[in-house]
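To start, the structure itself, in C-alpha cells.
The values are calculated or read from the model by the stated rules, or taken from the named source; none is laboratory data. Computed from a predicted model, the values in this text were never measured in an experiment. Heads up, the Cβs are rebuilt from the backbone with ideal geometry, glycines too, and the neighbour counts pull from every protein chain shown. Ligands, DNA and RNA are stripped out before the accessible areas are found, and what is left, the full protein with its side chains, is counted by its heavy atoms. Shrake-Rupley method; radii C 1.70, N 1.55, O 1.52, S 1.80 Å.
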Amino acid sequence: MHDDAQHGPLAGFTVGVTAARRADELGTLLRRRGATVVHAPALRIVPLADDSELLAATKELLDTVPDVVVATTAIGFRGWIEAADGWGIGEQLLDTLRGVELLARGPKVKGAVRAAGLTETWSPASESMAEVLERLLEEGVEGRRIALQLHGEPLPGFVESLRAAGGEVVGVPVYRWMPPEDIAPLDRLIDITVAGGLDALTFTSAPAAVSLLRRAGERGLLNELTAVLQGDVLSACVGPVTALPLQDRGIATAQPERFRLGPLVQLICRELPARARILPVAGHRVEIRGHAVLVDDELRAVPPAGMALLHTLARRPGWVVARADLLRALPGSGTDEHAVETAMARLRTALGVPRLIQTVVKRGYRLALDPASDAKYADS
C-alpha cells in the first residue's frame, strides 16, 4: 500500500458538492484530504417564520394536542420554537410539548430539544427514522395523533406507514426548499459533470438531488447527466432517503453506514482511490486518477486534454492507439491530428518522465508497459 500522507487520499480527484447547508464544512473536509471541490448549492432553505402554513399548523397543535411529536432535525426544531416565540406563542408550545410523547431522532435533535428546556421521551442511538417508525408501530398508532416536524420535504414511506397502521399524521413544515437564487453555479456544475470533469458528486438531501435533475431537464441535459452518473462518476449520498431520486433514474449510489458528513467523506476516500488505474510503466508505478497522476507516489497535475489522452491509452495498456482515436478523445476536438501531438507533448512534460509514453512511427502512441506486465494485459 502506498502512502497517501504526503498528498491526501483524494488528491487528483474532483468532487462536486450540491449542499446548501453545511457546504463549507463538507468542502473543508474534502479539501483537507486533497480533493478539488466544485460547489454549487442545488437549492436554498427558506425558513417559514413569516409563513402562514407553519403558524396554522402550530395553532392547530395547540388547539388539538397530539399524542406524539417527532422532532426530526435540530435546525428544524430550533426554527420552530424560535418562530413560535416570534408569534408570542412560544411558551404555550413548550407547555404543550412537555405533555406529549416527544421522540427525538438522534443526539443532535436531542440536544436541540434539551436546549429548549424539554426532555425527550426516547431517542434512537442510530439517528435512523426507520427506528423511530419501528418504535411507533410497536407501540401501536391506531387512533393516535402524531405530529411530525418536517425538514423540507416529507420523508418517503414514513407518513404512509403510520397512516396505514391507523395513525393520524400532522406535518409541521418548518422550512421550504427553493431553487438557488443564483442558478449559474448549478449550471456550471451540470456542465462540468456532463463534460466528464467530476469524479464524485455528493448529496446531503433528497431535494438537492431532485433540484439538480430538474435543472438538467430544463436545460435539455437530463439524459446526458444521467448517463454520466450511471457511468464513472461516484454519486455519494449521506443516506438512503437522499439517494432515492437518483435511484429512481437508475443511478447507482453509495452511502455510509452512519448518515453523517464525516463517514460520507471517509466513504469517498475509500471509493475513489480504489477506482484509480495503477500500471507498471517504463519501470515506474503510475496511478491514473481523475485529473492528476501519481508517478512513483509523486503527484503530477495534468491538463484536461492530457488526462483524456492518458485515459484512452490506459484502456488498453501497451497497445498502440492511433492518432485518429486519440483525436476523438480530446475535449472539443477538431480534425487536425497536430492537436494530438501538442497535447501529447504537454502530457509528457506534466508527467515528468517522457518515456512513459512511446511514439510508434506512423501508427500512434502507446503506454510503455513493463514487459513483465504485457502478458497480463495482452489480448490472448
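One line per residue, one yes/no per condition, for (1) in contact (Cβ under 8 Å) with a residue 40 or more places away in the chain; (2) more than 13 Å from the chain's Cα centre (by Cα); (3) farther than 17 Å from D187 by Cα:
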position	(1), (2), (3)
T202	yes, no, no
L221	no, yes, no
L234	yes, no, yes
A252	no, no, yes
L261	yes, no, yes
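Checking G106 against (1) open to solvent by less than 30 Å² (accessible area, probe 1.4 Å); (2) at pLDDT 90 or above; (3) out of contact with any strand residue (DSSP E or B) (no Cβ under 9 Å at 6 or more places or on another chain), only one condition comes out false. Which one?
Unmet for G106, out of (1) open to solvent by less than 30 Å² (accessible area, probe 1.4 Å); (2) at pLDDT 90 or above; (3) out of contact with any strand residue (DSSP E or B) (no Cβ under 9 Å at 6 or more places or on another chain): (2).
Can you list the helices (runs of 4 or more DSSP H) found entirely within region 278-359 that contain at least 2 residues being of a type in the set (S, T, N, Q)?
338-351
Please work out which residue is nearest to W80 (Cα to Cα), limiting yourself to region 160-194 and to residues that are out of contact with any helix residue (DSSP H, G or I) (no Cβ under 8 Å at 6 or more places or on another chain) and charged (D, E, K, R).
For region 160-194, the residue satisfying everything is R176.
Name the residues in region 227-255 that are in a helix (DSSP H, G or I) and open to solvent by 30 Å² or more (accessible area, probe 1.4 Å), would you?
A227, V228, Q230, P240, V241, L244, Q247
Going by what's in this entry, would A350 be described as in contact (Cβ under 8 Å) with a residue 60 or more places away in the chain and surrounded by 17 or more Cβ atoms within 10 Å (Cβ to Cβ)?
It is false that A350 is in contact (Cβ under 8 Å) with a residue 60 or more places away in the chain and surrounded by 17 or more Cβ atoms within 10 Å (Cβ to Cβ).
Here is a list: D67, D4, D50. Which entry is modelled with pLDDT under 90 and either in contact with a His (Cβ under 7 Å, 6 or more places away or on another chain) or open to solvent by 40 Å² or more (accessible area, probe 1.4 Å) (or both)?
The conditions single out D50.
Going through region 178-219 one residue at a time, which ones are touching a strand residue (DSSP E or B) at 6+ places or on another chain (Cβ under 9 Å), small (G, A, S) and at pLDDT 95 or above?
A200
How many residues does region 256-279 hold that are in contact with a helix residue (DSSP H, G or I) (Cβ under 6 Å, 6 or more places away or on another chain) and buried (at least 16 other Cβ atoms within 10 Å of the Cβ)?
Final tally of qualifying residues: 3.
Looking only at region 134-162, count how many residues are at pLDDT 90 or above and part of a helix (DSSP H, G or I).
Counting residues in region 134-162 that are at pLDDT 90 or above and part of a helix (DSSP H, G or I) gives 7.
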